[in-house]
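Written out below as structure tokens is the structure these notes cover.
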């Protein structure tokens, strides 16, 4: 438990998207706990450590742990801002199961993403999987110049073309 007390909510980095090292470190610390206790003790963990609910939601979006998302939302709920952050993070790390979860569940009414989700997915060249999904689900979120720039920097020219058209 002492090791878990040192965990902090990961920072959001603008241009560099998210820090893989920070999320890998979270996974290294929390995955063994989840392997040992599963999701049945998450509620108790949330009661013991103030930021653990947010930290677990970050980890779940990053690693595609829909089981953790389900329990965390059932136990404590989730704000619109956290939902948006999780969608952004899942898009960045190619976690389609998390995106599908929010699309398919009632609490997702009014769910949204920021243009950052498109930027993050574009950076990774996830045209057919994530960007198309985001575009279909959130047609009001514009394809930004940043998304096109990130796709071009990554050499994902099909992505640049897709974003330009849409």
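The values are calculated or read from the model by the stated rules, or taken from the named source; none is laboratory data. What you see is a predicted model; the values in this text were computed from it and never measured. With ideal geometry, Cβ positions are generated from the backbone for all residues, glycine too; neighbour counts draw on all protein chains shown.
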Please find, among 23, 18, the residue that is in contact (Cβ under 8 Å) with a residue 60 or more places away in the chain, out of contact with any strand residue (DSSP E or B) (no Cβ under 9 Å at 6 or more places or on another chain) and either in the same structural domain as residue 138 (by TED's automatic domain parsing) or in a loop (DSSP other than H, G, I, E, B) (or both). 18
Looking only at the stretch 132-160, filter to residues that are assigned to a loop (DSSP other than H, G, I, E, B) and modelled with pLDDT of 80 or more; which one of those is farthest from residue 74 (Cα to Cα)? 155
Looking for something over 10 Å from the mean Cα position of the chain (by Cα), modelled with pLDDT of 85 or more, surrounded by fewer than 22 Cβ atoms within 10 Å (Cβ to Cβ) and in a helix (DSSP H, G or I) - is there at least one such residue anywhere in the stretch 115-131? no
Could you say which residue among 42, 89, 85 is out of contact with any helix residue (DSSP H, G or I) (no Cβ under 7 Å at 6 or more places or on another chain) and surrounded by 18 or more Cβ atoms within 10 Å (Cβ to Cβ)? 85
Which numbered condition residue 95 misses (of (1) surrounded by 15 or more Cβ atoms within 10 Å (Cβ to Cβ); (2) farther than 29 Å from residue 166 by Cβ; (3) at pLDDT 85 or above): (2)
Checking residue 77 against (1) in contact with a helix residue (DSSP H, G or I) (Cβ under 7 Å, 6 or more places away or on another chain); (2) modelled with pLDDT of 85 or more, the condition it does not meet: (1)
